[in-house]
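Here is the structure we will look at.
The values are calculated or read from the model by the stated rules, or taken from the named source; none is laboratory data. These numbers were taken from a predicted model, which means no experiment stands behind them. Cβ coordinates were reconstructed from backbone atoms using ideal geometry, including for glycine residues, and neighbour counts include every protein chain displayed.
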Amino acid sequence: MIGYIFGGIVVLAIIVGIIYSILNKNKIRKNGIEADAVVCRIEESTSYDEETGTSSTTYRYFVKYTTKTGETVEARLADPPRTAVEGTQLRIKYLPEKPKFVIMAKK
């Protein structure tokens, strides 16, 4: 019984996180400030599933950019282009109140 309750709480937390992320991205798309950024690092992590014998690799892309007020920020890029490598220049959007969360600007 406790396992079901805990599982339900975990699922609910995941759903809330997904909704928050979607709303945040939409707010940035609508009200964000555009800036030039450079991919400064890419973190790779691999997980292995012993049951299936498969592994999967995920990549986290980080960009460095300067805000409108002159602050240099390093932030994780949501939904990066998979062709990006360190040094790739990108156009991003951010909110001044959340400069560490950035998305790609539409062309």
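Hey, any hits in the stretch 11-33 for a residue that's in contact with a Pro (Cβ under 7 Å, 6 or more places away or on another chain), modelled with pLDDT of 90 or more and outside any helix (DSSP H, G or I)?
Yes, some residue in the stretch 11-33 is in contact with a Pro (Cβ under 7 Å, 6 or more places away or on another chain), modelled with pLDDT of 90 or more and outside any helix (DSSP H, G or I).
Could you tell me which of the residues 46, 83, 57 is assigned to a loop (DSSP other than H, G, I, E, B) and β-branched (Val, Ile, Thr)?
Checking each option against the conditions leaves just 83.
What are the residues in the stretch 60-80 that are of a type in the set (D, E, K, R), over 8 Å from the mean Cα position of the chain (by Cα) and assigned to a strand (DSSP E or B), if any?
Listed by number, the residues that qualify are 64, 74.
Regarding residue 67, is this residue exposed (fewer than 11 other Cβ atoms within 10 Å of the Cβ) and modelled with pLDDT of 95 or more?
no
What pairs come out if I take residues in the stretch 82-94 that are under 23 Å from residue 33 (Cβ atoms) and pair them with residues that are surrounded by 10 or more Cβ atoms within 10 Å (Cβ to Cβ) and charged (D, E, K, R) whose C-beta lies under 8 Å away, six or more apart or interchain?
Listed by first residue and then by second, the contacts come to 89/36; 90/36; 91/34; 91/36; 92/34; 92/36; 93/29; 93/34.
Pick from the stretch 70-92 the residues that are out of contact with any Lys or Arg (no Cβ under 7 Å at 6 or more places or on another chain) and among the basic types (Lys, Arg): which of them is modelled with the lowest pLDDT? Show your work before the answer.
Residues of the stretch 70-92 out of contact with any Lys or Arg (no Cβ under 7 Å at 6 or more places or on another chain): 70-71, 77, 79-85, 87-92.
After this cut, where a residue has to be among the basic types (Lys, Arg) as well, the list is 82, 91.
Values: 82: 84, 91: 96.
The residue in question is 82.
Do we have any residue at all in the stretch 45-58 that's among the β-branched types (Val, Ile, Thr) and surrounded by 13 or more Cβ atoms within 10 Å (Cβ to Cβ)?
Quick first cut of the stretch 45-58, residues among the β-branched types (Val, Ile, Thr) only: 46, 52, 54, 57-58.
Then keep just the ones that are surrounded by 13 or more Cβ atoms within 10 Å (Cβ to Cβ); that gives none.
No: zero hits.
Output the number of residues of the stretch 79-94 satisfying the condition of being surrounded by fewer than 17 Cβ atoms within 10 Å (Cβ to Cβ) and not acidic (Asp, Glu). Lay out the reasoning, then the answer.
So the first thing to find is which residues in the stretch 79-94 are surrounded by fewer than 17 Cβ atoms within 10 Å (Cβ to Cβ), and the list is 79, 81-83, 85-89, 91.
Checking which are not acidic (Asp, Glu) leaves us with 81-83, 85, 87-89, 91.
The qualifying residues number 8.
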